[in-house]
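The values are calculated or read from the model by the stated rules, or taken from the named source; none is laboratory data. A quick note: this is a predicted structure, and the numbers were derived from the prediction, not measured. Here the Cβ positions follow ideal geometry from the backbone for every residue, glycine too, while neighbour counts run over all protein chains shown.
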Amino acid sequence: MKKEENKKVEFVTHELKKQKEVDEDYKRIVLFIILVIIIGALLFGLYYLNGKYITKDKFQNTTTTTTEAIYDDSKLTVSNLFSLSDSTYYVLVYDRSDSDSIYYSLELSYSGDTNLYTIDVSNAMNKMYYDEDGTENTNPTSVEDVMFTRPTLLEIKKGKVSKYITSEEEIVEILS
């Protein structure tokens with residue numbers, strides 16, 4: 001009987017050893033999974049902090065709006081004053097930043113047959129051609145000859161100035 005008991009005891013201890021090894025393997029697997037989860041959480045946390053606070057390019061609520069560029073061909077610069085393809089046209093030269101100006105109202109209400117273009121002397125590209133204290137050239141033949149000293153209406157025929165009007169009354173009469 002001792003042999004049987006020894007076999008039984010040996011079998012039980014062998015089963016316990018196997019069970020203990022399985023338990024240790026199970027604990028290692030669980031520990032490994034927990035470590036992977038912790039490392040993953042730390043990496044995600046670093047990614048989030050980097051994007052949110054350091055580079056500030058992730059997770060930001062930014063909206064991008066695009067606007068279509070609108071080109072208004074009725075607005076000229078002095079540099080293309082004589083280069084239009086129309087055979088006859090008017091050019092109204094004044095400071096467009098003054099929206100209370102009579103010239104602004106005339107420009108908006110103009111409905112004549114001859115095309116009306118405007119030159120804004122408050123525009124940086126046109127400022128060098130406008131000097132209130134300068135000497136006005138009433139018959140410019142090229143861009144280099146142009147100098148405006150006050151609001152002016154030009155009538156251009158075939159690339160040459162045919163009328164140079166500075167009188168407010170005459171400008172109102174023509175554009176009304």
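Just for the range 62-110: of the residues that are in a loop (DSSP other than H, G, I, E, B) and under 13 Å from V172 (Cα atoms), which one is modelled with the lowest pLDDT?
The qualifying residue modelled with the lowest pLDDT is S101.
Can you name the number of the only condition in (1) under 30 Å from G159 (Cα atoms); (2) among the hydroxyl-bearing types (S, T, Y); (3) at pLDDT 75 or above that Y26 fails?
Condition (1) is where Y26 drops out.
Starting from the range 146-171, keep only residues that are at pLDDT 85 or above, then list their pairs with residues that are assigned to a strand (DSSP E or B) and basic (K, R) whose Cβ atoms are within a distance under 8 Å, requiring at least 6 positions of separation or different chains.
Close Cβ pairs (under 8 Å, with a partner that is assigned to a strand (DSSP E or B) and basic (K, R)) amount to L153/K163; L154/K163; E155/K163.
Restricting to the range 141-158, name every residue that is within 15 Å of L92 (Cα to Cα) and of a type outside the set (V, I, T).
M147, F148, R150, P151, L153, L154, E155, K157 - these are the residues of the range 141-158 that are within 15 Å of L92 (Cα to Cα) and of a type outside the set (V, I, T).
Could you check the range 118-176 and list, in sequence order, the residues that are within 34 Å of the chain's Cα centre (by Cα), in a helix (DSSP H, G or I) and aliphatic (A, V, I, L, M)?
Correct list: M128, V143.
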